[in-house]
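Every number in this text was worked out from the coordinates using simple rules, so none of it is lab data. Remember, predicted model here, so these are calculated numbers, not experimental data. Here the Cβ positions follow ideal geometry from the backbone for every residue, glycine too, while neighbour counts run over all protein chains shown.
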Amino acid sequence: MFYRDLASVPPMIVRGEGVYLEDADGRRYLDGAASAAVVGIGHGRREVWDALAAEGDRVTFVYSAGFTHPWQERLATAILDLAPANMAAVYFTSGGSEANESAWKLARQYFVEQGRHQKYKAIARWQSFHGVTLAALSLSGRTAWRQIYAPLLLPVPRVAPPYEYRCAFCARAGGCTLACADDLERTILLEGPETVAAFFAEPIAGSSAVGLVPHPDYFRRIREICDRHDVLFVADEVLCGYGRAGTAFAIAEWGVEPDIITLGKAIGSGYAPLAAMLVSDGIRQVFMQGSGRFVHGLTYSGTPSACFIGLKVHEIMLREGLFTRAKALEEFLRSKLLGLAERHEIIGEVRGRGLLQGVELVANRETRRPLPPDCRIAERVVRHMRDNGVLIAAGVPLVNFGRDGDHLQISPPFTVTEQEISFIVEALDEALASTSKEIL
């Protein structure tokens, strides 16, 4: 295997059950990260595999360029039933990177269909992540992952994120002024509105700046700006959507309707590689009245087995109330994390929604000064917890605008109990105490 970290061989996981994983040596881990925020319905749900086996040869591969199948159609309908009212069609992919790259291509062709060939640019935010393919990484404002591939990346104008804890715009204003939202309009005007096709944003930031939640008026302002300049708004809900923030679609909190929504991770819950791009009726109508064809294609778009599993995941989530369960658990998890902040000066901020909570670590809480990058504090905390049988994720380094900064991601499966949340936080408490002694 060509592992991502070639310096060590990772533990071999051989089974899972609920929020627990077990390795080949019989050691159990409480998965407080949901394996990169993927697993929603919990590990080891045998009913998923039993249902697939029961269908036998009815779930057979067909190429979506020439055929459709019941599982794709039914899953699309099920997702649209929960989506914002303007969403009208679904295009399935194998992962979030593909979904976001598909969205950029769709936005480009949308304007070509109208004879507006100059509109091709996408604008995105710093401290964002939209995927690892070259186009998706070009959209991503993740400095730590962009540097090595910089010569290969497409030029993407970038705007300030809604990062109130470290915002240069409102640092002395006593609160958010929405200047970060207005930065989008400034950038559109500088680039030329006639050239800008789309704006990409995560409603709640993922692993590049875990748990950033914008001001209540932020996305309303974004929607107004996009409408004013005829720019499509793409909401990337690959990580924060599909129940992770406590609603089926995270953007619902702001009461606005995007033009395109991308989904991933929890939509397949790790039982199949599955993601999706949702398209508004306005976009669909332009294509239907134009060429009638999206110039794009993926071999495994709408794979029958993946869509079948996605439909089963959807059924389980509806049956067990998992689309909203994260909201019910949010206050409990957040209160536990805020309790940690009272005991550990190293915690600068706790933020997030539902079961997507971020903890930013600092050297000085009063000045918000980050720890030196070479401390690798987040990695140490995560390693210490894993050694003690609890998994959380280290946020990607350099959250402080590419210079320094450390953060943690707590994102357990939607099936987690309050008792299991308490166990995760207790393990984090012990890890912070031990690690702080080593470096401070």
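The table below lists the values:
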read-out	value
Using distinct alpha-carbon pairs, which all enter the 1/r mean, Kirkwood radius of region 97-163 in Å	12.5 Å
Separation of alpha-carbon centers, region 100-114 and region 122-152, rounded to whole Å	19 Å
Where labels lie 7 Å past Cα in the beta-carbon direction, separation of Cys170 and Phe61 in nm	5.0 nm
Ranking of Thr187, Thr195 by count of other Cβ atoms within 10 Å, fewest first	Thr195, Thr187
Taking only Cα atoms of region 23-152, radius of gyration then Dmax in Å	19.5, 61
Cβ charges +1 (Lys, Arg) and -1 (Asp, Glu), total dipole of the chain, debye	680 debye
Fewest-first sequence of Arg293, Arg244 by Cβ atoms within 10 Å of each Cβ	Arg293, Arg244
Computed E for Arg186/His117 - FRET, C-beta separation, R0 22 angstrom, nearest 0.05	0.35
Check: region 73-189 dipole with +1 on Lys, Arg Cβ and -1 on Asp, Glu Cβ, in debye	400 debye
Note, ³J(HN,Hα) from phi for region 271-283, Karplus 6.51, -1.76, 1.60, rounded to Hz, x at Gly and Pro	8, 7, x, 8, 8, 7, 10, 9, 10, 6, 5, x, 5
Over the chain, volume per residue of the alpha carbon convex hull, in Å³	147 Å³
Additional length obtainable on full extension of the chain from Val286 to Asp81, 0.36 nm per residue less Cα span	71.6 nm
Exposure proxy order (Cβ contacts within 10 Å, fewest to most) of Cys170, Cys180	Cys170, Cys180
Low-density loop cleavage sites - GluC sites (Glu not before Pro) in region 169-247, where at most 14 other Cβ are within 10 Å (DSSP)	none
Lysine pairs within the chain, Cα separation less than 16 Å, 8 or more sequence positions apart or different chains	4
